[in-house]
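Okay, structure first, notes after.
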Amino acid sequence: MNKIIKLEIVLLILSGFLLPINNSKAATGTSGKIYLQVEKNGEAWYISPVNNYRYYLGRPADAFNVMRSLGLGASNSTLDQIPVGILNYGGSDFDKDGLPDSLEIALGTSIDNADTDNDDYSDKAEIESWHNPLGPGSLKKNMNLIYQLEGRILLQVEKHGEAWYLNPNDHKRYYLGRPNDAFAIMRSLGTGITNENLAQIAETFVGTKFEVADHYKMDYPGNWTVTSEKVDPPQGNMIHKAHFVDQMAAAQLDVFVYQTTGAILALNDFDVTSKSYDPDKFVETFEIGIKPARKQTLKYDTIAQFKDIKFNKGKRIFVHIMISPKKVIGLEYSILNEIDIKNYEQLFNKILSSFKPVY
């Protein structure tokens, strides 16, 4: 058994055991599909068939990050059993056969001969009818394999990692190409979905990096907008702030950096918890392993539920992280309606888990 096939088997096993399907709200029929948010601006989402979470495909960079992060290695022999779908691809087409050069390189056909095997049928015609463009005969189609992998993003490990999306709607694989191509292709294969139905599918993300302060960073969802500024002159002890807003307008996150001239004796010195809601509140203090190598206390103050004209029922979480004796990073996270609490708590936990130093 060669190394590539071994790698592919290992990847398939890992995808089944390390990422179990755990999103009970997601209907089976959504798995692996791409949806366009028809009640907003046509934002695109990919539903991973591995965990049934949705990933944002809003910009070319987002689509490319999802493609690379969630891709599964596949050998040429595996890909050869899955028919190729043809779209109106962009890019150079040197031999004018209707197939872009990048796709032909991935397939192994000639970029300067419209009929690679010289059998009087163009490469495009043979691929569309699933005949061999490199020689005689038709190509195999393995439906058992297709059903197993449908909805996956497959990376061509015996070439240069070219990415393919196996569309569960027609059981064909589509070449994703460059980031801009991947973005356009994924959108072209999408199906419209309402906000209400989309909200039934829990969200996660491949992180977009954000530099917090003094060599710290965190990840945040690519569909969130962010404004960030250095506070000059400082507002009290505040020296930096950033504001993140979810694309669905269901949550927002504020990040503040505070600094004092003297040592901070307790995190209570920076408790920005609002007192106006008279909420039921509990406080949990526990240790997290953030460098520099001193004990860091994460203060996690949670408003269990409150009412307000602006927010209605929801949840607000405050987290304070002491990164030095004179500096604290505070995160204030608001979930703006009761329905979204569970989903957006999961997103916030992922943001928190990504908080780390970088040197």
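The values are calculated or read from the model by the stated rules, or taken from the named source; none is laboratory data. Everything numeric here is computed off the predicted structure, so don't read it as measured data. Cβ atoms come from the backbone with ideal geometry, glycine included; neighbour counts cover every protein chain shown.
Quick look at the numbers
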item: Scope segment 135-179; condition assigned to a loop (DSSP other than H, G, I, E, B) and basic (K, R); matching residues; result: K140, K141, R152, K159, R178
item: Qualifying residue in segment 47-64 (condition: in a helix (DSSP H, G or I), in contact with a strand residue (DSSP E or B) (Cβ under 8 Å, 6 or more places away or on another chain) and surrounded by 21 or more Cβ atoms within 10 Å (Cβ to Cβ)); result: yes
item: Unique match (being without any contact (Cβ under 8 Å) to a residue 40 or more places away in the chain and surrounded by 14 or more Cβ atoms within 10 Å (Cβ to Cβ)) among F256, F244, F183; result: F244
item: Filter result (out of contact with any Phe, Trp or Tyr (no Cβ under 6 Å at 6 or more places or on another chain), more than 17 Å from M322 (Cα to Cα) and among the hydrophobic types (A, V, I, L, M, F, W, C)) within segment 211-244; result: V231, A242
item: Set S24, S15: member being assigned by TED's automatic domain parsing to the domain that holds A182, closer than 19 Å to I193 by Cα, of a type outside the set (A, V, I, L, M, F, W, C) and modelled with pLDDT under 90; result: S24
item: Any hit, segment 96-108, residues being among the hydroxyl-bearing types (S, T, Y), part of a loop (DSSP other than H, G, I, E, B) and either surrounded by 15 or more Cβ atoms within 10 Å (Cβ to Cβ) or not assigned by TED's automatic domain parsing to the domain that holds Y46 (or both); result: no
item: Qualifying residue in segment 138-156 (condition: in contact with a helix residue (DSSP H, G or I) (Cβ under 6 Å, 6 or more places away or on another chain) and outside the structural domain of I47 (by TED's automatic domain parsing)); result: no
